[in-house]
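Since the structure comes first, as structure tokens, the remarks are kept for the end.
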Amino acid sequence: MLTIKDKTFVPFITAETIQNRVLELAAQISLDYAGKQPLIVGVLNGAVLFAADLFRNLTIPCEITFIRVASYQATESSGKLKQILGLSESVTDRHLIVVEDIVDTGLTICEVCDQLRAGNPASIAIATLLFKPAALKKEVALDYVGFEIENRFVLGYGLDYDGLGRNTKDILVLQ
Ligand code: IMP
């Protein structure tokens, strides 16, 4: 159990379950991208731990970079469209795998992919640790999903509540 400010969070997905799933996703991506040298594009801050764990378990030649977009306010997705910051590499003709912590309304990932597409990559795939299908507002094709979860607020393993709680190995859910 973890209390941050006014909210209490209880266990939801254990570190062991997360790590096992990350290994499965990494194995699948390594198979799918053999010979393609993909560029992993981690979306900060939330995807930092997932992107790192996924990346270190890929067994193919690959690169990693990180971008930043809109920040998340309290327990509600802002839905505001924001610019991608921090992308210094050219994405032209690259096979991109965008790595997100969670797809909630889907607006963030759609915006990120639209902006990346403008750079004419060879392909774009999405890998998200968590997916809340019930919250989805925009149709989006997710290529690699760690866990489909119900529409509840979660934190840990990179996900935060008002900036806090990212540094837990387990994922917890709002009580
Ligand atoms: P979307 O644009 O609504 O899909 O929101 C995506 C972003 O909102 C994620 O990258 C997270 O930063 C944040 N987010 C959505 N749901 C949660 C949650 O349950 N816990 C923590 N952050 C969340």
Simple spin-label estimate for residue 175/residue 44, 7 Å along Cα→Cβ, in nm, reads 3.4
Restricting to Cα pairs below 8 Å that are 6+ residues apart, what does the relative contact order work out to for the chain? Please round to a whole percent. 26
Note down the nm distance, to one decimal, between modelled labels 7 Å out along Cα→Cβ at residue 118 and at residue 136. 2.6
Given a 1.4 Å probe and heavy atoms of the protein chains only, how would you sort 111, 148, largest accessible area at the top? 148, 111
Tell me the relative contact order for region 108-165 as a rounded percent, counting alpha carbon contacts under 8 Å between residues six or more apart. 27
Have a look at 118, 134, 15 and tell me which one the Gaussian network model of the chain (Cα, springs below 10 Å) gives the largest fluctuation. 118
Farthest positive-ward along the chain dipole, Cα basis, beta-carbon charges - from 88, 116, 54: 88
Going 7 Å from the Cα of residue 23 toward and past its Cβ, which residues in region 99-121 have a backbone nitrogen under 19 Å from where you end up? none
Hey, rough spin-label estimate for residue 68 and residue 56, points 7 angstrom out along Cα→Cβ, what's it come to in nanometres? 2.4
Note: residue 32 to residue 85 extended length (0.36 nm per residue) minus current alpha-carbon separation gives 16.3 nm
For the chain, calculated [θ]222 nm from helices alone, where every DSSP H run of n ≥ 4 adds -39500 (n - 2.57): -7000 deg cm²/dmol
What is the ratio of the Cα radius of gyration of region 4-54 to 2.2 N^0.38 Å, where N is its residue count, to two decimals? 1.49
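The values are calculated or read from the model by the stated rules, or taken from the named source; none is laboratory data. Being a predicted model, the structure only gives us computed values, none of them experimental. Backbone-built Cβ (ideal geometry, glycine too); neighbour counts: all protein chains shown. All accessible areas refer to the heavy atoms of the entire protein, side chains included, with ligands and DNA or RNA removed. Shrake-Rupley method; radii C 1.70, N 1.55, O 1.52, S 1.80 Å.
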